[in-house]
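The values are calculated or read from the model by the stated rules, or taken from the named source; none is laboratory data. Predicted model only: the values in this text are computed from it and were never measured. Every residue, glycine as well, gets a Cβ built from its backbone with ideal geometry; the counts of neighbours run over all protein chains shown. To get the accessible areas, we keep the full protein, side chains included, count just its heavy atoms, and leave off ligands, DNA and RNA. Shrake-Rupley method; radii C 1.70, N 1.55, O 1.52, S 1.80 Å.
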Amino acid sequence: MRQQIAAANWKMNLGLDGAKSLLSDILKEDIALAEQQQVIFAVPFPYLMLANEQVQKAGYAIAAQNCSNKKSGAYTGETSVEMLQSIGIRYCIVGHSERREYYHETNQILKEKVDLCLEQGLVPIFCCGEALEIREKGTENDFVRGQLEESLFHLTAEQLKKIVIAYEPIWAIGTGKTATAEQAQQMHAFIRSVLAGKWGQNVADDITILYGGSVKASNAQELFSSPDVDGGLVGGASLNAPEFIAIIKALKK
Ligand code: PGA
């Protein structure tokens, strides 16, 4: 059975005190998770170890927001997957649209990152999704299929089963404009059909596909109730404890 995940993406926000108190406010709620549910916090690099320690008791996980596509060596300013693995980090966001857009990360670079994560036993949370002009042209399915083909289609079924996919339409990120539950469900079902075409229905049915883009307490339940939406990758609303707590509670049981 696939997992239901509430993943917080803090992006480049919060100082150390703010980070600690946000986590502790969420931990205080002591939410009982069902077996297939998981809560993940993608925190900025400087807080990874501390946050990992802080959430351990609750059984939550910490993710890095990015990693290098190189194994190690003279790459000033980069963080390798091996380093993340060595400090006990289990997840890494790969290919967030902000990385693709502002740091020119291509499908090929993201393929390398996915491979390094899998080699080191980290779960890549692989992001895909189209910009507004693509949706307006009606070519969003082809565009997302291309992203999946170029970064993931070289994987074996066993490898694919270890990844999480996040569909994040760029026009819905940080804009307050959420995809409707119907739009999200349509794309998630399409993504699952692409996976099924390549690896078979059983494999596709096991893959967690998160929705991201202005998820908040007020819309989480409706979005998550769609059959192919297995939780969310949450930016803005994850910086507010009551909002994120409500989003965790909206996960399918
Ligand atoms: P948002 O961001 O929830 O602020 O739209 C989501 C994301 O970028 O992961």
Test Gly95 against the stated conditions and say whether it is among the small types (Gly, Ala, Ser) and loosely packed, with under 13 Cβ neighbours inside 10 Å.
-> no
crowded, with 21+ Cβ neighbours inside 10 Å, farther than 22 Å from Gly138 by Cβ and within 16 Å of the ligand (Cβ to nearest atom): does that describe Gly231?
-> yes
Can you find a residue in the stretch 182-192 that is over 17 Å from the mean Cα position of the chain (by Cα), within 21 Å of Gly146 (Cβ to Cβ) and not hydrophobic (A, V, I, L, M, F, W, C)?
-> yes
Select from the stretch 16-43 the residues that are under 23 Å from Glu78 (Cβ atoms) and either open to solvent by 20 Å² or more (accessible area, probe 1.4 Å) or in a helix (DSSP H, G or I) (or both) and list them in ascending order.
-> Leu16, Ala19
Which ranges mark the helices (runs of 4 or more DSSP H) fully within the stretch 54-120 that have 2 or more residues being within 15 Å of the ligand (Cβ to nearest atom) and touching a residue at least 40 places away in the same chain (Cβ under 8 Å)?
-> 97-102
From the options Thr175, Thr180, residue that is over 19 Å from Gln38 (Cα atoms), within 16 Å of the ligand (Cβ to nearest atom) and free of Cβ contacts under 8 Å to residues at least 12 places away in the same chain | Thr180
Single unsatisfied condition, Leu195 versus (1) in contact with a Lys or Arg (Cβ under 6 Å, 6 or more places away or on another chain); (2) away from the ligand (no atom under 16 Å from the Cβ) = (1)
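Looking at the structure I just gave you, is Ile125 within 27 Å of Ile62 (Cβ to Cβ) and within 16 Å of the ligand (Cβ to nearest atom)?
On the way: within 27 Å of Ile62 (Cβ to Cβ): yes; within 16 Å of the ligand (Cβ to nearest atom): yes.
Yes, satisfied.
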